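Only one structure is covered here, and it is reproduced in the block below.
The values are calculated or read from the model by the stated rules, or taken from the named source; none is laboratory data. This structure is a prediction, so every number in the text was calculated from the model and none was measured. Every residue, glycine among them, receives a Cβ derived from its backbone with ideal geometry; neighbour counts consider all protein chains shown. Surface accessibility is based on the protein's heavy atoms, side chains included, excluding ligands, DNA and RNA. Shrake-Rupley method; radii C 1.70, N 1.55, O 1.52, S 1.80 Å.
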Amino acid sequence: MTLKQLEKYFIGELQFLYDDEEARQLYELTVYHVSGLNRSQVMFKTDMEPGETQQNSFEYVLAGLKAGRPLQHIIGEAWFCGLKFKVSNAVLIPRPETEELVQWIMETAAGAEGLSLIDIGTGSGCIAVTLKSRLEGLQVDALDISAGALCIARENAKGNAVEINFIQSDILGYESLSSYDFIVSNPPYITQAERKEMHMNVLSHEPHLALFVSDENPLIFYQSIADFALKQLRPKGYLFFEINEYFGKEMVDMLSSKEFTDIQLKKDMQGKDRMIRCRQPSTPGMEAGDDPL
């Protein structure tokens with residue numbers, strides 16, 4: 001079977017789960033994983049016939065996809081900001097929206113030195129590892145309640161040759177003596193009412209602990225992290241969140257009520273309210289020129 005025939009077969013077998021474009025993207029990612037050929041290379045090698053071992057790998061991936069498993073879990077890895085991360089059902093699969101959040105943090109930190117950051121709810125460690133690898137001299141703590149998630153995050157830190165201090169704790173009760181220039185979090189924010197909108201492979205294979213909050217108190221983690229930030233952020237330090245697109249106004253109001261300043265709500269590439277940034281108020285008597293960032 002040539003690559004061209006394989007693509008047609010792959011898409012046809014997945015038509016009951018994915019539309020043609022989604023299935024084609026999954027095919028291209030599978031080709032890259034199995035053969036190392038990128039999209040452009042495949043276009044010029046449509047008549048190539050994969051060997052028996054590669055054919056078996058395609059069939060293995062396809063069987064997993066038909067069973068509803070996410071591709072990243074089948075192959076055990078995902079790419080984020082150009083770095084490779086190990087993933088499992090203990091962590092969320094890194095999303096493109098989170099890449100946008102990381103880019104915003106890097107833009108904010110540009111030119112500053114000797115900064116410190118804590119990533120709350122680190123999961124796979126994709127935020128913490130990427131920022132540590134891209135921002136020279138950054139000191140990074142990464143916290144998660146899940147031992148399984150921290151095991152994956154430690155492997156990802158090692159695989160990407162960065163040193164991070166990992167902490168196992170529940171942010172709803174965590175106390176720290178450390179102070180930070182940046183606090184970032186992509187906490188659970190999907191309400192129970194939104195479950196029906198989600199793809200079955202997410203519901204069945206990604207950790208609900210990292211996904212869902214109650215309909216009654218959907219901002220529980222944001223409120224707790226904001227309170228933590230009020231104590232642990234250095235003067236004029238930054239707090240970054242990835243947020244539920246439906247709660248942008250509520251997030252702005254909550255942060256305003258806690259007297260954070262410079263609150264900025266930002267849309268993602270799809271035009272959805274997905275990120276928010278704010279700053280710790282300066283301490284009394286601090287001059288404008290003393291701003292550490």
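Some observations on this one:
- The solvent-accessible area of ARG39, taken with every protein chain present and a 1.4 Å probe, is close to 140 Å².
- Accessible surface, per residue, of region 78-120 when the full set of protein chains is kept, probe 1.4 Å, Å²: 40 Å²
- Across the protein chains, with a 1.4 Å probe defining accessible surface, the residues PHE85, PHE166 rank PHE166, PHE85 from largest area downward.
- The gain in end-to-end length when the GLU155 to LEU172 segment is fully stretched comes to 3.6 nm, 0.36 nm per residue minus the alpha carbon separation.
- Pairwise label distance in nanometres, GLN103 with ASN38, each label 7 Å out on the Cα-Cβ vector: 1.7 nm
- Top positive-direction residue, dipole computed over the chain with Cβ charges, set ALA67, LEU131, ASN89: ALA67
- Accessible surface of the chain [probe 1.4 Å, protein heavy atoms]: carbon and sulfur percent: 49 percent
- Residue separation of GLN15 and ALA147 scaled by 0.36 nm, minus their Cα-Cα distance, works out to 43.8 nm of gained length.
- On Cα atoms only, tilt of 220-232 relative to the major axis of the chain in degrees: 50 degrees
- Amide proton proximity set for TYR180, modelled H, under 5 Å, gap of 5+: LEU233, ARG234
- Where THR2, THR30 fall by accessible area, highest first, once all protein chains stay in place (1.4 Å): THR2, THR30
- Backbone geometry of region 151-165 corresponds, through the Karplus equation with coefficients 6.51, -1.76 and 1.60 at θ = phi - 60°, to 3J(HN,Hα) couplings of 4, 5, 4, 5, 4, 5, 5, 5, x, 9, 6, 10, 9, 9, 8 Hz, x marking Gly and Pro.
- Note on ASN56 and LYS272: their simple-model spin labels are 4.0 nm apart, each label 7 Å out from Cα toward Cβ.
- With Cα atoms, 0 to 90° folded angle of helix 248-257 axis to the chain main axis: 20 degrees
- The candidates TRP104, TRP79, arranged from most to least accessible area with a 1.4 Å probe in the full protein assembly, appear as TRP79, TRP104.
- Furthest towards positive pole of dipole, MET1, PHE182, THR98, structure part the chain, Cβ charges: MET1
- Taking the centroid of alpha carbons for each part, region 72-100 and region 128-163 are 13 Å apart.
- Global size of region 14-162 as Cα Rg and Dmax, reported in angstrom: 17.8, 53
- Straight-line reach from LYS231: taking Cα to Cα under 15 Å and skipping same-chain neighbours fewer than 8 places apart, the aspartates and glutamates in range are GLU175, ASP181, GLU259.
- Nearest-10 value in Å² for the accessible area of THR46, using the 1.4 Å probe: 50 Å²
- The chain: angle of helix 3-13 to the longest principal axis, Cα-based, in degrees nearest 10: 70 degrees
- DSSP bridge pairs, the chain: antiparallel proportion in percent, nearest 5: 40 percent
- Three semi-axes of the equivalent ellipsoid, the chain, Cα gyration tensor, whole Å, largest first: 39, 21, 17
- Once exposed loop GluC sites (Glu not before Pro) are cut out (DSSP; at most 16 other Cβ, 10 Å), longest piece of the chain: 1-112
- Pairs spanning more than 26 Å between alpha-carbon atoms, out of LYS132/LYS266; LYS86/LYS266; LYS236/LYS266; LYS84/LYS236; LYS84/LYS132; LYS66/LYS86: LYS86/LYS266; LYS84/LYS236.
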